[in-house]
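> This is the structure I have questions about; it appears just below.
The values are calculated or read from the model by the stated rules, or taken from the named source; none is laboratory data. Computed from a prediction, not measured in an experiment: that's the story for all the values here. Every residue, glycine as well, gets a Cβ built from its backbone with ideal geometry; the counts of neighbours run over all protein chains shown.
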Amino acid sequence: MPLPHDRIAQLRLELEEHDRRYYVEARPTIGDAEYDALFRELRELEAAHPALITPDSPTQRVGGKATDGFAQVRHAVPMLSLDNLFAKDGLDGLRKWIISVEKLLPGEPLEWLVEPKVDGLAVSLRYEDGRFVTGATRGDGEMGDDITDNLRTIRAIPLHLKDAPAVLEVRGEVYLPIAAFRKICDDMRAAGDEPFANPRNAAAGSLKQLDPATVAKRPLAIILYSPGECSSDLPPTQAAFLAWMAALGFPVPRFQRVCRSAEEVFAAIQELDGVRDSFGFETDGAVIKLNQVALRDRAGYTARFPRWAKAWKYLSEQAETRIRAITVQVGRTGNLTPVAELEPVFLRGSTISRATLHNEDEIRRKDIRIGDAVIIEKAGEVIPAVVRVVLEKRDALAAPFDFLQHIENKCPACGHAPRRDPEFAAWVCENPACPAQKTRRLEYFAKRGALDIEGLGSTVADALVERGIVDDPLDLFTLRLTTLGALNLGTDEEPRTFGEKNAAKVLEGCQRARTMPLARWLHALAITDVGEETAHDLGKYHDTLEAVATSPLLRDVVALDKARADIATLSPRAQINKDKTAMEKTQLATRHAEAIARAEELGARLIASGFAAPSKKADGTAADAVVVVGPSAAAAALAWFASPLGQRTMARLAELGIAPRGGTPAASDSPFSGKTVVLTGTLELMSRNAAQERIRAVGGNVASSVSKKTHYVVAGPGAGSKLEDAQKHGVPVLTEAEFLAMLGSPPLPQKEDGLLL
Ligand SMILES: [Zn+2]
């Protein structure tokens, strides 16, 4: 009988070896039952001899305690990000860069290593005397979050290294395999939650969980590819480094190509593009590094990037598939939106089976027909869309698509005859009792950015409306736990109850919603023409809902718009007035002067109240003031509050004791105060919502598109056309780290769904 101490050591070695074979090499040599038996034996021995438990035992992977936030770790060697090369720049762009490095290293025959760029979350692992001691996020490259306990739950990360230097830091990317991502999203949908947008967000959201036990439930994986601090000499090349990493038991990229010219690099990039869909994880490009480590420092660094490595970004991705059917969705305002039901196709890490067709005119313009082979595209945050029809593959019998005939002149949700809105080329169901509209309004009310009621996704909203429990979103505030808990999300034949635990989460969300600021409520009420930005502007300049309902500012904006229209039509010099008599022209001139005076008075009043800015035009007057909220939104807001629905809503809120407060945020010396900021790409350190709130909290505005009026663009990975727009307009572009530094404080720890971007 071996001593407990020896047996424990032996079991640990064996289990680690099996973990490596399973998680790193994907070649297990024992079955699950055998593994479980070894694990159980170790756990029982440790329970009997608690003094022998060490944090690096396989039983302790989930041993860390939940925390309130993460400590900060300084990286011994900064974690750099790479500058990009874009597929559209082609071989020429690649050649130009390689020649520039060759000039820095004259006479050296250069080698390049091409490996996949994993679309995950960058981390650094630190081993001291062969033991995993610290794991951290990239953070701003200098400092990151200490997520050691969370990383320890990743079974592919060895807890011990044999024959390792005294200090070894390795960097890599944590990711969620696509299959696991799909399963998690299915589970979230079933629980009525909004699923993660993509595997990358799922991995980031998981790693920043404050409780390692939750992280352990997510089957995260990792690939290591670069060194940090190392107390011994590094191998001479990137290829040798990766081989050494693999020998130490780390997962490394399987695709590696050593190249000796731009042409070879280009070929390797194309080869990688052809096989990367089979990896089981998402990649968003290729990484090209100077293979010879000793030459890297001689090539040097720019202010932000190494000169000796680049990330190659593949084109935004397209795939060909077929339209099986066209269905019609009913939106929150009754808009009928055609949706292509596709033969499922895999694109950018997810299976696409639907794509929006926007509206009738769009279908006509692209001549899309049921049964057509089509090219679909998914780029960044955008929902998949049909780019074009592959006409060569069209069935000779395919008939042109007739929208109204297709829906038999009926709203697919309620059967009412729709009306065409000529302005937006859309068909609209105007039945106020249409169940689909009620559902969409309810979802909208609860979504992130509105009242953020967790657990109230589309499945739950559907069931609540369908079963007659919720008619108006405000009905949520009188829901009982038992009623909501017993809600049947399935069918009458196959019931599936929502459950009290989930119900309690929704009711807690409702409780929090009661005290949400005015801006969030204005957003949630889904007033036509009042989007998120307008809601925030209204919330900034008004204290209460009543104040918005009777706002003199909004009335002035509407009146100013009317006066400006009058100025244009009353001008005696206007084309429409050219045939008027001299007498009529004199009358016009008087009324024209009155309109100008009225517009100047209104403009001056709006400027004085801060609800408009003076015109920047050289000959601009107060009449040309630039208003904070435009006339159509102002008119729509006033009309909504005056409408029976608005009146009913106000009365109901008063009854429920809900009185959201707004008001101007305190003047701030933040660099973002009074500035307009556009966020694009994926933020890694905080959610988009959190970033927006932070900007608004210091008195800044968040806009959705880049123009001359934009002051800053904050760009994360995956930033697309907005980044180009910023360059075009000369708008300064900030990285997320720079943005945070300018905000002047680190991001607050987020709850998990705060990280959904
Ligand atoms: Zn309808």
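> Return the only residue of PHE445, PHE401 being under 27 Å from the mean Cα position of the chain (by Cα) and over 30 Å from LEU723 (Cβ atoms). Lay out the reasoning, then the answer.
Working: PHE401 fails: under 27 Å from the mean Cα position of the chain (by Cα).
Result of the check over PHE445, PHE401: PHE445.
> Another question, then. Might you check whether a residue that is within 30 Å of THR302 (Cα to Cα), touching a helix residue (DSSP H, G or I) at 6+ places or on another chain (Cβ under 6 Å) and assigned to a loop (DSSP other than H, G, I, E, B) occurs anywhere in the stretch 80-96?
Within the stretch 80-96, none of the residues are within 30 Å of THR302 (Cα to Cα), touching a helix residue (DSSP H, G or I) at 6+ places or on another chain (Cβ under 6 Å) and assigned to a loop (DSSP other than H, G, I, E, B).
> Somewhere in the stretch 186-194, is a residue over 30 Å from ASN488 (Cα atoms) and part of a helix (DSSP H, G or I)?
Step one: list which residues in the stretch 186-194 are over 30 Å from ASN488 (Cα atoms), which gives none.
No.
> May I pose another question? If the requirement is being hydrophobic (A, V, I, L, M, F, W, C) and closer than 30 Å to PRO412 by Cβ, which of these qualifies: VAL252, VAL293, VAL328, VAL258?
Details: VAL252 fails: closer than 30 Å to PRO412 by Cβ; VAL293 fails: closer than 30 Å to PRO412 by Cβ; VAL258 fails: closer than 30 Å to PRO412 by Cβ.
Answer to the check: VAL328.
> Could you check THR327 against (1) among the β-branched types (Val, Ile, Thr); (2) touching a strand residue (DSSP E or B) at 6+ places or on another chain (Cβ under 7 Å); (3) over 30 Å from ASP462 (Cα atoms) and say which number it fails?
Every listed condition holds for THR327 apart from (3).
> Criterion first (touching a helix residue (DSSP H, G or I) at 6+ places or on another chain (Cβ under 7 Å), touching a residue at least 40 places away in the same chain (Cβ under 8 Å) and more than 14 Å from the ligand (Cβ to nearest atom)) does ILE469 satisfy it? Break it down stepwise before answering.
Numbers: touching a helix residue (DSSP H, G or I) at 6+ places or on another chain (Cβ under 7 Å): yes; touching a residue at least 40 places away in the same chain (Cβ under 8 Å): no; more than 14 Å from the ligand (Cβ to nearest atom): yes.
Here the answer is no, as ILE469 does not meet what is asked.
> Further question: Here are some conditions: (1) more than 30 Å from VAL506 (Cα to Cα); (2) surrounded by fewer than 20 Cβ atoms within 10 Å (Cβ to Cβ); (3) within 16 Å of the ligand (Cβ to nearest atom). PRO435 meets all but one. Which one does it not meet?
Unmet for PRO435, out of (1) more than 30 Å from VAL506 (Cα to Cα); (2) surrounded by fewer than 20 Cβ atoms within 10 Å (Cβ to Cβ); (3) within 16 Å of the ligand (Cβ to nearest atom): (1).
> Still on this model: Can you list the strands (runs of 3 or more DSSP E) found entirely within the stretch 273-373 that contain at least 2 residues being at pLDDT 90 or above? Can you show your working first?
Details: elements: 283-290, 309-313, 317-330, 335-347, 350-356.
Here the list reads 283-290, 309-313, 317-330, 335-347.
> Which count do you get for residues in the stretch 616-665 that are among the polar types (S, T, N, Q) and either touching a strand residue (DSSP E or B) at 6+ places or on another chain (Cβ under 6 Å) or in contact (Cβ under 8 Å) with a residue 60 or more places away in the chain (or both)? Working first, answer last.
Of the residues in the stretch 616-665, the ones among the polar types (S, T, N, Q) are 621, 632, 643, 647, 649, 664.
From the residues that got through so far, the ones that are either touching a strand residue (DSSP E or B) at 6+ places or on another chain (Cβ under 6 Å) or in contact (Cβ under 8 Å) with a residue 60 or more places away in the chain (or both) too are 632, 649, 664.
Counting residues in the stretch 616-665 that are among the polar types (S, T, N, Q) and either touching a strand residue (DSSP E or B) at 6+ places or on another chain (Cβ under 6 Å) or in contact (Cβ under 8 Å) with a residue 60 or more places away in the chain (or both) gives 3.
> Cβ-Cβ under 7 Å, sequence separation 6+ or interchain: first residue in the stretch 72-89 and touching a residue at least 40 places away in the same chain (Cβ under 8 Å), partner of a type in the set (S, T, N, Q). Which pairs?
From residues that are touching a residue at least 40 places away in the same chain (Cβ under 8 Å), the pairs are VAL73/THR134; HIS75/SER124; MET79/SER124.
> Let me ask you something else. Which number in (1) under 33 Å from the mean Cα position of the chain (by Cα); (2) surrounded by fewer than 18 Cβ atoms within 10 Å (Cβ to Cβ) marks the one condition that ALA216 misses?
That leaves (2) as the condition not met.
> For the stretch 390-427, give me each residue that is without any contact (Cβ under 8 Å) to a residue 40 or more places away in the chain, at positive phi and of a type in the set (Gly, Ala, Ser).
Of everything in the stretch 390-427, just one residue is without any contact (Cβ under 8 Å) to a residue 40 or more places away in the chain, at positive phi and of a type in the set (Gly, Ala, Ser), namely GLY415.
> Then there is this: Yes or no: the stretch 716-726 includes at least one residue that is in contact with a Ser or Thr (Cβ under 7 Å, 6 or more places away or on another chain), of a type in the set (Ser, Thr, Tyr) and either closer than 24 Å to GLN209 by Cα or without any contact (Cβ under 8 Å) to a residue 40 or more places away in the chain (or both).
The answer is no; no qualifying residue exists.
> Can I ask one more? What residue, of GLU343, GLU360, is in contact (Cβ under 8 Å) with a residue 60 or more places away in the chain and not assigned by TED's automatic domain parsing to the domain that holds ALA715?
Values: GLU343 fails: in contact (Cβ under 8 Å) with a residue 60 or more places away in the chain.
Result of the check over GLU343, GLU360: GLU360.
> Now for a separate question. Looking at the stretch 614-623, which of its residues are under 17 Å from LYS709 (Cβ atoms) and in contact with a helix residue (DSSP H, G or I) (Cβ under 7 Å, 6 or more places away or on another chain)? It would help to see each step written out before you state the result.
Taking the stretch 614-623 first, the residues under 17 Å from LYS709 (Cβ atoms) are 614-617, 620.
Residues satisfying the conditions are PRO614, SER615, LYS617.
> Name the single residue, out of those in the stretch 416-427 being within 13 Å of the ligand (Cβ to nearest atom) and crowded, with 18+ Cβ neighbours inside 10 Å, that is modelled with the lowest pLDDT. Write out each step before concluding.
First pass over the stretch 416-427, keeping only residues within 13 Å of the ligand (Cβ to nearest atom): 416-419, 427.
Next, only the ones that are crowded, with 18+ Cβ neighbours inside 10 Å stay: 418, 427.
Working: PRO418: 94, TRP427: 90.
Ranking the qualifying residues of the stretch 416-427, first place goes to TRP427.
> If I ask for residues that are away from the ligand (no atom under 16 Å from the Cβ) and among the polar types (S, T, N, Q), which ones from the stretch 387-415 would you list? Step through it out loud before you land on a result.
First pass over the stretch 387-415, keeping only residues away from the ligand (no atom under 16 Å from the Cβ): 387-402, 405.
Within the stretch 387-415, GLN405 is the sole residue that qualifies.
> Here is a further query. If you check ASP163 against the conditions, is it surrounded by 23 or more Cβ atoms within 10 Å (Cβ to Cβ), of a type in the set (D, E, K, R), out of contact with any His (no Cβ under 6 Å at 6 or more places or on another chain) and more than 23 Å from VAL287 (Cα to Cα)? Spell out how you get there, then give the answer.
Values: surrounded by 23 or more Cβ atoms within 10 Å (Cβ to Cβ): no; of a type in the set (D, E, K, R): yes; out of contact with any His (no Cβ under 6 Å at 6 or more places or on another chain): yes; more than 23 Å from VAL287 (Cα to Cα): yes.
No; evaluated as a whole, the condition is false for this residue.
> Continuing with this model, one more query. Among the listed residues SER206, SER232, which satisfies the condition of being buried (at least 23 other Cβ atoms within 10 Å of the Cβ) and among the polar types (S, T, N, Q)? Even if it seems obvious, please write down each step before you answer.
Working: SER232 fails: buried (at least 23 other Cβ atoms within 10 Å of the Cβ).
Being buried (at least 23 other Cβ atoms within 10 Å of the Cβ) and among the polar types (S, T, N, Q) holds for just one of SER206, SER232, which is SER206.
> Given the structure, is GLY455 more than 16 Å from the ligand (Cβ to nearest atom), surrounded by fewer than 19 Cβ atoms within 10 Å (Cβ to Cβ) and farther than 15 Å from VAL330 by Cβ?
Considered against the rule, which asks whether it is more than 16 Å from the ligand (Cβ to nearest atom), surrounded by fewer than 19 Cβ atoms within 10 Å (Cβ to Cβ) and farther than 15 Å from VAL330 by Cβ, GLY455 comes out as no.
> Go through the stretch 459-495 and give me each residue that's in a helix (DSSP H, G or I) and among the β-branched types (Val, Ile, Thr). Walk me through how you get there before you give the answer.
Just the residues of the stretch 459-495 that are in a helix (DSSP H, G or I), to begin with: 459-466, 473-478, 481-485.
Within the stretch 459-495, THR459, VAL460, VAL465, THR478, THR482, THR483 qualify.
> Could you tell me whether the stretch 129-152 includes any residue that is of a type in the set (D, E, K, R), in contact (Cβ under 8 Å) with a residue 40 or more places away in the chain, surrounded by 22 or more Cβ atoms within 10 Å (Cβ to Cβ) and closer than 30 Å to PRO28 by Cβ?
We begin by selecting, within the stretch 129-152, every residue of a type in the set (D, E, K, R); these are 129, 131, 138, 140, 142, 145-146, 149, 152.
Next, from what is left, pick out any that are in contact (Cβ under 8 Å) with a residue 40 or more places away in the chain: 131, 138, 140, 142, 145-146, 149, 152.
Next, from what is left, pick out any that are surrounded by 22 or more Cβ atoms within 10 Å (Cβ to Cβ): 138, 145, 149, 152.
Imposing the further condition that a residue be closer than 30 Å to PRO28 by Cβ reduces the set to 149, 152.
Yes; the residues of the stretch 129-152 include at least one that is of a type in the set (D, E, K, R), in contact (Cβ under 8 Å) with a residue 40 or more places away in the chain, surrounded by 22 or more Cβ atoms within 10 Å (Cβ to Cβ) and closer than 30 Å to PRO28 by Cβ.
> Taking the condition within 19 Å of LEU656 (Cβ to Cβ) and crowded, with 17+ Cβ neighbours inside 10 Å, does LEU481 pass? Before the answer, list the steps.
Numbers: within 19 Å of LEU656 (Cβ to Cβ): yes; crowded, with 17+ Cβ neighbours inside 10 Å: no.
Considered against the rule, which asks whether it is within 19 Å of LEU656 (Cβ to Cβ) and crowded, with 17+ Cβ neighbours inside 10 Å, LEU481 comes out as no.
> Pull up the stretch 661-680, narrow it to residues that are in a loop (DSSP other than H, G, I, E, B) and at pLDDT 80 or above, then point me to the one that is farthest from VAL713 (Cα to Cα).
Taking the stretch 661-680 as the starting set, the residues that turn out to be in a loop (DSSP other than H, G, I, E, B) are 661-675.
From the residues that got through so far, the ones that are at pLDDT 80 or above too are 661-662, 671-672, 675.
Details: ARG661: 30, GLY662: 27, PRO671: 13, PHE672: 11, LYS675: 11 Å.
Out of the qualifying residues, it is ARG661.
> Would the stretch 597-617 turn up any residue that is farther than 30 Å from ILE658 by Cβ, basic (Lys, Arg), surrounded by 14 or more Cβ atoms within 10 Å (Cβ to Cβ) and outside the structural domain of ALA697 (by TED's automatic domain parsing)?
Taking every residue of the stretch 597-617 in turn, at least one turns out to be farther than 30 Å from ILE658 by Cβ, basic (Lys, Arg), surrounded by 14 or more Cβ atoms within 10 Å (Cβ to Cβ) and outside the structural domain of ALA697 (by TED's automatic domain parsing).
> Ok, one more. Would it be correct to say that ARG440 is over 22 Å from VAL548 (Cα atoms), away from the ligand (no atom under 16 Å from the Cβ), among the charged types (D, E, K, R) and not assigned by TED's automatic domain parsing to the domain that holds LYS410?
Details: over 22 Å from VAL548 (Cα atoms): yes; away from the ligand (no atom under 16 Å from the Cβ): no; among the charged types (D, E, K, R): yes; not assigned by TED's automatic domain parsing to the domain that holds LYS410: yes.
In short, no.
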